Amino acid sequence: MTGETITVLIVDDHPVVRAGLRALLDGEPDLEVAGESATGEDAVSRAAALRPAVVLMDLQLGGGIDGVEAIGRIRALPDPPRVLVLTTYDSDADIARAVDAGAIGYLLKAGPPEELFAGIRSAARGETALSPSVATRLMRRVREPAPVLSPRETEILTLLARGLSNKQIAKALFVSEATVKTHLVRVFAKLGVDTRTAAVTAAVERRLIRLSP
């Protein structure tokens, strides 16, 4: 892409953020804002119509489909643009969902403008672009594989996530409360947590359980 203008579609539901990003990108000679979208559905339509080189995508877009769903739909288009996430959310779950949907990079809004410019240029070349903290998280996930929960531990943790007490979990699974407590102790140890809330949060972030909509 050297020497060529890189067209960018900005997707964010905050007008002030879109205006700020447009002002930043307009100051770079090789970057050109092709358009803006405030919703996931509009982003998909504009990506198909404008055919930008890079789509700069936030994850939370208010009503309608979220950024992750929009990424998947955009990447399913014929000759799709690269999608670079620019968001404030950096949990393991958010990063994994975006990457799985087809995002080529993941940047945080707290980063400096230079990081954004470099990320867009890398994405246009088909290269991965990651904020340092995101890269660290991904490397940690690779080096530290997710703990393996037994089927029973997964069942108990899923019920815990639904707000059931130990007594209710025991009744639902036809086991004693003591058995539930024993399994929870093991789950806490595997996840490196010491509270029920932390266990659920860690399990969801590591995609060990899925919360019901």
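What region 80-133 shows is 39 Å² of accessible area per residue, with the surface traced by a 1.4 Å probe over protein heavy atoms.
Using the eigenvalues of the Cα gyration tensor, what equivalent ellipsoid semi-axes result for region 113-186 when each is taken as the square root of five times the eigenvalue, whole Å, largest first? List each step's numbers first, then the result.
Details: eigenvalues 392, 33, 19 Å².
Equivalent ellipsoid of region 113-186: 44, 13, 10 Å, largest first.
Along region 204-209 the Karplus relation, 6.51 cos²θ - 1.76 cosθ + 1.60 evaluated at θ = phi - 60°, assigns HN-Hα couplings of 5, 4, 8, 6, 7, 9 Hz to successive residues, with x for each Gly and Pro. Quick check: the distance between the Cα centres of region 166-188 and region 88-156, to the nearest angstrom? Centre-to-centre distance over Cα atoms comes out at 34 Å. Highest mean packing first, where packing is the average number of other Cβ atoms within 10 Å per residue, the peptides 164-172, 34-42, 151-159 line up as 34-42, 151-159, 164-172.
So for region 1-135, averaging the separation of alpha carbon pairs under 8 Å that are six or more residues apart and normalising by length, what relative contact order in percent results?
On the way: 257 pairs, mean separation 28.3, N = 135.
Averaging sequence separation for qualifying contacts and normalising by length gives 21 percent for region 1-135.
Among 68, 85, 180, which one shows the highest mean-square fluctuation when the chain is modelled as a Gaussian network with alpha-carbon springs under 10 Å? Sorting by GNM fluctuation, first place goes to 180. Could you work out the pair-distance distribution P(r) of region 1-77 from its alpha-carbon pairs, with 5 angstrom bin width and percents rounded to whole numbers? Spelled out bin by bin, region 1-77 gives 3, 18, 28, 24, 17, 8, 2, 0 percent. By the rule of a C-alpha distance below 16 Å, with chain neighbours fewer than 8 residues away ignored, the lysines paired with residue 190 are 181.
Once the Cα gyration tensor of the chain is found, what semi-axes does its equivalent ellipsoid get, as square roots of 5 times the eigenvalues, in whole Å, sorted largest first? The partial results should precede the final answer.
Working: eigenvalues 336, 59, 37 Å².
One finds semi-axes of 41, 17, 14 Å for the chain.
The values are calculated or read from the model by the stated rules, or taken from the named source; none is laboratory data. Not measured: the values here are computed from a predicted model. Glycine also receives a Cβ, built like all others from the backbone with ideal geometry; neighbour counts cover every protein chain displayed. With ligands, DNA and RNA removed, areas are computed over all heavy atoms of the protein, side chains included. Shrake-Rupley method; radii C 1.70, N 1.55, O 1.52, S 1.80 Å.
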